[in-house]
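One structure is given below, encoded as C-alpha cells.
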Amino acid sequence: MIVGMNFLPTGRLLRMLRIRRGWRQDDVSTRSGLSPAAISRQELGNVGSLAALERHAAAFSLRLDVRILGRAGALVRLGDEEHAAIVEVIASWFRNAEFDTETEGSFSEWGERGRIDLLAFDPSTGMLVIVEVKTQLLDLQDLFGSLNVKERLAATVAERRGWRVRRQTVLLATADTSSNREMVRAHPTLFADFVRRRLTPAALDTAQRHMLTWVSHEQASRGTWIAGRQPASCDAGSRRFCSGRSLGPILAA
C-alpha cells in the first residue's frame, strides 16, 4: 500500500462511476485485469501501486494524472519561468526578423477556446507562424490534439488581427534536454512531419507545415533547464502516448 497519499476521494469516484454504469466489481475486474478484491480495496482508498490504479481507471476509459500538491509553488513557478524564457528567445528572433508578434494570443472560434504561445506574422510574405513552446514533452496526445485545433483555427485568428495569411507553419520550440530528445526519437511516426532545424530564415522558408527547433539553456541565458530534465517513461500499456508522474492523483478523461 502506498503510504502518505490520500486515495479515498479517488476510490469513491471510481465506485460512483461503477455504480452509475451498473457494473459489479467483477465487471471492473474483467476489464482491468485486477482481482475483484483489488477493485474493492481501491474503492476504499487502499491502493497498492499507481500501476494498479491506472489499470482500474483505464477500465472507465480514464487516465491517471498524478500531480505535485502542497508546497510545490516554487516548482510551478520554475516551470513557468522556463516556459517564458523560451517564449522570449523565439519572440526576440521573430521581432529581429521584422515579424509582427503576439504572445499568449487567445482565441475563441466555433466553440473552441484556447491560447497560442506566440503568433508571428511576416507582412511582406504573408507567412503566419504558430509557435507552441514546451519545456517538457510529456503528454503527446494532448500536444498534438492542441496543435491540430490551433492549426485549423490559425487563419481565422490571424484575420481578426488584420493579417492576410498566404502560408502558415507550426513551430514547436522545445527545451533542448536529453529526455525531450529521447521522446522525439521514441515516436518517429508522430514527429515525422516536423522538420528539425535551427531557427533561421532559410530553415523557416523551406519548412513546409511543421518545424521543430531545440532551444538550449544558453540561448535563454540560463545555467540549465530544470523542468525538462526528469526522464520520460512509458509503461507497456501506454507506449504510444506518454505522460509524467509526480504526486497527488487526479483522474482525467
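Going by the structure shown, is residue 153 under 30 Å from residue 66 (Cβ atoms) and either touching a Gly at 6+ places or on another chain (Cβ under 7 Å) or aliphatic (A, V, I, L, M) (or both)? Talk me through it step by step, then tell me what you get.
On the way: under 30 Å from residue 66 (Cβ atoms): no; either touching a Gly at 6+ places or on another chain (Cβ under 7 Å) or aliphatic (A, V, I, L, M) (or both): yes.
Here the answer is no, as residue 153 does not meet what is asked.
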Item to check | Test: residue 121 is modelled with pLDDT of 95 or more and surrounded by 16 or more Cβ atoms within 10 Å (Cβ to Cβ) | outcome: yes
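Results for (1) modelled with pLDDT under 95; (2) touching a Leu at 6+ places or on another chain (Cβ under 7 Å); (3) buried (at least 16 other Cβ atoms within 10 Å of the Cβ), shown as yes or no for each residue.
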| residue | (1), (2), (3) |
| --- | --- |
| 129 | no, yes, yes |
| 140 | yes, yes, yes |
| 166 | yes, no, no |
| 172 | no, yes, yes |
| 192 | yes, no, no |
Item to check | Whichever residue in segment 111-140 is in contact with a helix residue (DSSP H, G or I) (Cβ under 8 Å, 6 or more places away or on another chain) and among the β-branched types (Val, Ile, Thr) and, among such residues, is nearest to residue 222 (Cα to Cα) | outcome: 135
Checklist entry - Out of segment 52-65, which residues are over 19 Å from residue 24 (Cα atoms) and either more than 20 Å from the chain's Cα centre (by Cα) or basic (Lys, Arg) (or both)? => result 63
Checklist outcome for this item: Per the list (1) surrounded by 16 or more Cβ atoms within 10 Å (Cβ to Cβ); (2) of a type outside the set (Ser, Thr, Tyr); (3) in contact with a Leu (Cβ under 7 Å, 6 or more places away or on another chain), residue check on residue 112 breaks on (1)
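Which residues, counting only those in segment 32-48, are surrounded by 15 or more Cβ atoms within 10 Å (Cβ to Cβ) and touching a helix residue (DSSP H, G or I) at 6+ places or on another chain (Cβ under 8 Å)?
So the first thing to find is which residues in segment 32-48 are surrounded by 15 or more Cβ atoms within 10 Å (Cβ to Cβ), and the list is 32, 34, 38-43, 45, 47.
Listed by number, the residues that qualify are 32, 34, 38, 39, 40, 42, 43, 45, 47.
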Next on the checklist: Given the criteria out of contact with any Pro (no Cβ under 6 Å at 6 or more places or on another chain), polar (S, T, N, Q) and in a loop (DSSP other than H, G, I, E, B), does residue 213 qualify?
Outcome noted: no
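Yes/no per residue for (1) surrounded by fewer than 19 Cβ atoms within 10 Å (Cβ to Cβ); (2) under 23 Å from residue 176 (Cα atoms); (3) over 23 Å from the mean Cα position of the chain (by Cα); (4) at pLDDT below 95:
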residue	(1), (2), (3), (4)
19	yes, no, yes, yes
50	yes, no, no, yes
103	yes, yes, no, yes
106	yes, no, no, yes
125	yes, no, yes, yes
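The values are calculated or read from the model by the stated rules, or taken from the named source; none is laboratory data. This one's a predicted model, so the numbers in the text were calculated from it and none came from an experiment. Every residue, glycine as well, gets a Cβ built from its backbone with ideal geometry; the counts of neighbours run over all protein chains shown.
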